[in-house]
Amino acid sequence: MVAKELLNKAILPMYSEYSPMEILSWMEEYKVSHLPVIKGKKYIGLLSEADIFNIDEPEKPIGKQKVFLKNISAKASQHIYEVIKLMSEQNISVVPVVDEKNSYLGMITASTIIEKFASYSAVNQPGGIIVLVINKVDYLASQIVQIVESNDAKVLSLYLASEDNSSKIYVTIKVNITDISRILQTFQRYNYEISASFFDEDIDDLQERYDSLMNYLSI
C-alpha cells in the first residue's frame, strides 16, 4: 500500500491566488487544520490554520503573503507506514502527495488511512478477535495459524504491536468464526498468554465503534 493509492479525492488543493480567509473557510468545510497550496500544478507548501491566524492581511492572496509554507509532502511511491510516521511526527491533519517533479497529485487524510487499514485487517468481516502477548524471540506465525486452523477456522488478518524497550509483542488475530472458545482453549494448552478476546456481541460493539469513527472522520 503506497501513497498514491490513499488519495482523498473529495478534498481539493488551495491555489496561491486564494486568500487566507478563503482557505480557512475550506478548512472548516473539510474539517482539517492543514491544506496544501499549489501554483499551477506545482506544490509550494502546506498551510496550517495557526499560520492563517498570524497573517496581517487575510484578504490578500496567499501567494503574495509573507507566510512560511511548510515543505512537507510524501512521494507517490512511499509506503503507508512512512505516511503515518510523517503525519505523526509533523502533527499534520493531511499529507500532500507529489511526484518526482514536485507536481501535486493529491492528499491523504486520517480517514483514508483508517479505511485502508480496515479493509486489510478484515474489520468489516464477521469473526472473533484474539490478542496474544508473546516474547519476541518466541513468536512463530506458523504455529499461531496452525492452532487456529486445527479448530476449523481461518486467520483473516494478523498484525503485531510492541512497546519501546519491551521484549514482548502483542499479536492481534482476526478469525472467520465468532465462537472462538475452542481456539482460546488450544492457545491456553500451548501456554500462550491471552491478553484479550472479543466475539459475538463484543464484535458487534467494535463494529459500531468503527462505523461511528468513520462517520466522524468522513469528509
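The values are calculated or read from the model by the stated rules, or taken from the named source; none is laboratory data. A quick note: this is a predicted structure, and the numbers were derived from the prediction, not measured. Quick reminder, even Gly has a Cβ in these numbers, built from the backbone with ideal geometry, and neighbours come from all protein chains shown.
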(request) Scan (1) hydrophobic (A, V, I, L, M, F, W, C); (2) closer than 22 Å to Phe198 by Cβ; (3) buried (at least 19 other Cβ atoms within 10 Å of the Cβ) for the single condition Phe117 breaks and write down its number. (result) (3)
(request) Quick one: in region 106-142, of everything that is aromatic (Phe, Trp, Tyr) and either touching a Leu at 6+ places or on another chain (Cβ under 7 Å) or in a helix (DSSP H, G or I) (or both), which residue is farthest from Asp164 (Cα to Cα)? (result) Tyr120
(request) Take region 134-178 and flag every residue that is free of Cβ contacts under 8 Å to residues at least 24 places away in the same chain and either in contact with a helix residue (DSSP H, G or I) (Cβ under 8 Å, 6 or more places away or on another chain) or among the β-branched types (Val, Ile, Thr) (or both). (result) Val145, Lys154, Val155, Leu158
(request) Scan region 87-105 and give yes if some residue there is in a helix (DSSP H, G or I), within 30 Å of Pro20 (Cβ to Cβ), under 16 Å from the mean Cα position of the chain (by Cα) and touching a residue at least 40 places away in the same chain (Cβ under 8 Å), otherwise no. (result) no
(request) Take region 189-208 and flag every residue that is modelled with pLDDT under 90 and in a strand (DSSP E or B). (result) Phe198
(request) Select from region 88-115 the residues that are modelled with pLDDT of 95 or more and of a type in the set (A, V, I, L, M) and write down the one among them that is farthest from Glu28 (Cα to Cα). (result) Val98
(message) Return the residues of region 143-181 that are assigned to a strand (DSSP E or B) and among the β-branched types (Val, Ile, Thr); say none if nothing qualifies.
(response) Val155, Ile169, Val171, Thr172, Ile173, Val175
